[in-house]
Amino acid sequence: MNNGLEDVVAAETVLSDVRGAEGQLIIGGYPLVALAGRWTFEQTAHLLFTGFFDDLPDAAEFTARLGAARVNVFEQTRALLGPISKLPTYDGMRAAMAMLPDGTALPDALRLVAAPAVLLPALIRLQAGDEPIEPSSNAGHAADVIRMLGRSDGAEALDTYLVTVSDHGLNASTFAARVVASTQAGLTSSVLAGLGALKGPLHGGAPGPVIDMLDAIAEEGDSVGWIERALNEGERLMGFGHRIYRMRDPRADALKAGLRSFRDVDARLRFAEGVEQVALEALHRRKPDRVLETNVEFYTALLLEAAGFPKHVFTGVFAMGRIAGWLAHAREQALTGRLIRPASRYVGPVTKDAA
Ligand code: ACO
């Protein structure tokens, strides 16, 4: 039984192609290297949305409307921010997003793209005892997030990150979003499904634990000993391995390049590269027949840490980028008009004589 649906093709898409054997990612027809560090997140979201929404304006107007949507979402959710800041940050963000209208048109999608960018900085600040900073409709999407955090550097790196994670084939959260869209439910419902799937440590929940691992190794001062012990205890090393890539995840290097825009990360980067090397050697030695390489989450952790995000919100920042892909996939699926409804094989007992 194929419990993980490996190699099952469950959708045709024009949105992205994960080429595992070559270690390449194509987004909207472009190799990742042509987009990351060159395109803004808004341009990438616009590319993904093309063909899936009526009245899609050009990229400049799309960017302006997204800016207006950030202001609008802030106003709509302002009264909720206090109560939801008592929840874990990701759950608070999801709760506020659940209250957005559940439509299928472009304004619905723009509100949803805007929501994590507005809600996460506001919640981070409230949880630290600071007042939220209102969005600015004129700023770029990533620059506005950095501004709303009360920081001044990191916009470029965050933009690179959001573009890099904007779409990635039929990953677990995107599949969840497409299943919901196939029922002709609205975009908020699809996004909530994506948010639920993204949260787990085997998917978008890995980068926080990458920081835990690096910190624990730094404290112990012995990366070989720490990693051997973790693997002997049957633990998985967060930030390594992938269902599809049989080469290094191309996103890892896109993010590593993005990291270089920060001053003062050299020591942390050198330390992390050392840990990465030890981890890869240990994984290759233990699993010579299974390629276990660095995945996107390892350098995500370092980049988001450098951009000033606390580690418990890393998954929420992932959602900030991946939401563009979820929404485009939801529309692509809904437009097929086909309900996703696979079969299961019953392996339980059948009681012949009902009482
Ligand atoms: N550390 C140690 N061992 C590993 C790791 C790892 N990171 N990844 C896989 N393995 C081992 C498995 O234990 C398994 O060993 P076994 O055959 O003795 O049982 C073998 O390699 C094959 O692994 P699978 O579970 O078949 O690989 P799968 O394709 O299901 O897993 C996954 C992919 C979930 C990403 C896995 O590599 C993992 O758990 N990695 C750590 C978590 C992580 O980094 N997640 C983020 C992924 S990227 C993303 O979703 C955005």
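In table form, for the structure just shown:
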quantity: Accessible area of the chain belonging to carbon and sulfur atoms, whole % at 1.4 Å probe; calculated: 52 percent
quantity: Relative packing of peptides 123-131, 3-11, 246-254, 107-115 - highest average C-beta neighbours within 10 Å first; calculated: 107-115, 246-254, 123-131, 3-11
quantity: Three-way shape call for the range 111-246 based on the alpha-carbon gyration tensor, with the a/c threshold at 1.5; calculated: oblate
quantity: Mean shadow area of the range 118-179, taken as a quarter of the surface of its Cα convex hull (nm²); calculated: 5.5 nm²
quantity: Share, in percent, of DSSP beta bridges within the chain that are antiparallel, nearest 5; calculated: 90 percent
quantity: Debye, to nearest 20: dipole size of the chain, +1 on Lys, Arg Cβ, -1 on Asp, Glu Cβ; calculated: 660 debye
quantity: Members of 199/352; 199/287; 287/311 lying beyond 32 Å, as alpha-carbon distances in this model show; calculated: 199/352
quantity: Charge-dipole axis of the chain as Lys and Arg at +1 and Asp and Glu at -1 on Cβ define it, positive-most pick from 37, 84, 138; calculated: 84
quantity: Most fluctuating residue given options 169, 82, 321, as computed from a GNM of the chain linking Cα atoms under 10 Å; calculated: 82
quantity: Full-stretch length increase - residue 19, residue 153 - with 0.36 nm per residue and alpha-carbon distance subtracted; calculated: 44.9 nm
quantity: The range 271-355: trypsin sites (Lys or Arg not before Pro) in DSSP loop, at most 10 other beta carbons within 10 Å; calculated: 290, 338, 345, 352
quantity: Over the chain: Kirkwood hydrodynamic radius from C-alpha pairwise inverse distances, Å; calculated: 21.0 Å
quantity: Three-way shape label, the range 216-354, alpha-carbon gyration tensor, a/c 1.5; calculated: oblate
quantity: Projected area, mean over directions - the range 36-127, Cα convex hull, nm²; calculated: 6.5 nm²
quantity: Computed E for residue 91/residue 3 - FRET, C-beta separation, R0 25 angstrom, nearest 0.05; calculated: 0.35
quantity: Those residues of the range 259-293 whose amide nitrogen sits under 20 Å from the label point placed on residue 235, 7 Å along Cα→Cβ; calculated: 271-287, 292-293
quantity: Environment charge at residue 40 (Cβ cut-off 12 Å; Lys +1, Arg +1, Asp -1, Glu -1); calculated: -3
quantity: Residue-averaged 222 nm ellipticity for the chain, from DSSP H runs of 4+ at -39500 (n - 2.57), nearest 500; calculated: -18000 deg cm²/dmol
quantity: Sequence-separation-based contact order of the range 201-334, relative, with Cα cut under 8 Å and 6+ spacing, percent; calculated: 38 percent
quantity: Of 60, 176, 307, the one that fluctuates the most in a GNM where the chain has Cα springs shorter than 10 Å; calculated: 60
quantity: Axial C-alpha extent at least 18 Å, average Kyte-Doolittle at least 1.0 - helices from the chain (DSSP); calculated: 106-127
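The values are calculated or read from the model by the stated rules, or taken from the named source; none is laboratory data. Model, not experiment: these values are computed from the prediction. Note: ideal-geometry Cβ built from the backbone for every residue, glycine included; neighbour counts use all protein chains shown. When the accessible area is computed, the model is the full protein with side chains, heavy atoms only, and any ligands, DNA or RNA have been set aside. Shrake-Rupley method; radii C 1.70, N 1.55, O 1.52, S 1.80 Å.
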